[in-house]
Amino acid sequence: MMGARKPVVEVRRSQRRRRTVSAYRDGERVVVLIPAQFSRAEESEWVDRMLARLAAREGRLARSDAELRARATRLIKLYLAEHGTPAVPASIRWVTNQNGRWGSCTPADGTIRISHRVQDMPDWVIDYVLLHELVHLIVPSHNARFWALVARYPKSERARGYLEGIAAASGTPLTD
Ligand SMILES: [Zn+2]
């Protein structure tokens, strides 16, 4: 096995938390959020547990990038066929470090990243998020041509409503 470096862990204690613990990766660091009243022993136990959980989650994400690619290929064929190569991403993957956006795209190098927060949503919502980013490869800005292409997907409006609902409920202003 290659040397698995132990990540730099930053523990943040929160007065508002009672029992819930969460962790996320922030660049090279892992931030672990724990309740303020946890003892040192509880802290260390939970840090180990959350690192294991994060590693498992990332392993799962890595495996499903291929599935994401297959999904994109199908959407391009269905809705963007006449655009050919420009609509095909150079790279497409799930990411865990993107909490303020459902998906993002860099037209210059053809890369698409989809937030892991979308992973447990219904298929028709994942398809919308993906198609949205695929269309950005052809039209970078949110202009009329962009929305006309997105609207080819029949559930676009419904999916946008679904995502707005989630963003409002979580209190996070998510952008697309
Ligand atoms: Zn967009």
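A viscosity of 1.306 mPa s and a temperature of 10 °C, combined with the Kirkwood radius over Cα pairs in Stokes-Einstein, give a translational diffusion coefficient for the range 62-122 of 130 µm²/s.
Test of understanding: express the Cα radius of gyration of the range 11-69 as a ratio to 2.2 N^0.38 Å, with N the residue count. Provide the component values of the computation, followed by the final result.
Values: Rg = 13.7 Å, N = 59, 2.2 N^0.38 = 10.4 Å.
So the range 11-69 has a normalised radius of gyration of 1.32.
When the Debye formula is applied to the Cα atoms of the chain, each taken as the same point scatterer, what base-10 log of I(q)/I(0) results at q = 0.08, 0.11, 0.17 Å⁻¹? At q = 0.08, 0.11, 0.17 Å⁻¹ the computed log10 ratios are -0.32, -0.56, -1.07. Taking the DSSP bridge list for the range 25-126 and keeping only pairs wholly inside it, about 55 percent are antiparallel. Amide H to amide H distances under 5 Å link SER14 with ILE34, ALA36, where only residues 5 or more positions off or on other chains count and H is placed in the peptide plane. Protein heavy-atom surface of the chain, 1.4 angstrom probe: 54% of the accessible area is carbon and sulfur, with nucleic acids and ligands not counted. Per residue, the chain exposes 57 Å² of accessible surface when a 1.4 Å probe is rolled over the protein heavy atoms with every protein chain present.
Projected onto their three principal axes, the Cα atoms of the range 137-176 cover extents of 31, 21, 14 Å, largest first. Between ARG25 and ASN143, the modelled label-to-label distance comes to 3.7 nm, taking each label 7 Å out from Cα in the direction of the beta carbon.
The values are calculated or read from the model by the stated rules, or taken from the named source; none is laboratory data. Predicted model, so just to flag it, every value in this text is computed and none were measured. Methodologically, a virtual Cβ is constructed for each residue, glycine included, from the backbone with ideal geometry; neighbour enumeration extends over all protein chains shown. Accessible surface areas use protein heavy atoms only, side chains included; no ligands, DNA or RNA. Shrake-Rupley method; radii C 1.70, N 1.55, O 1.52, S 1.80 Å.
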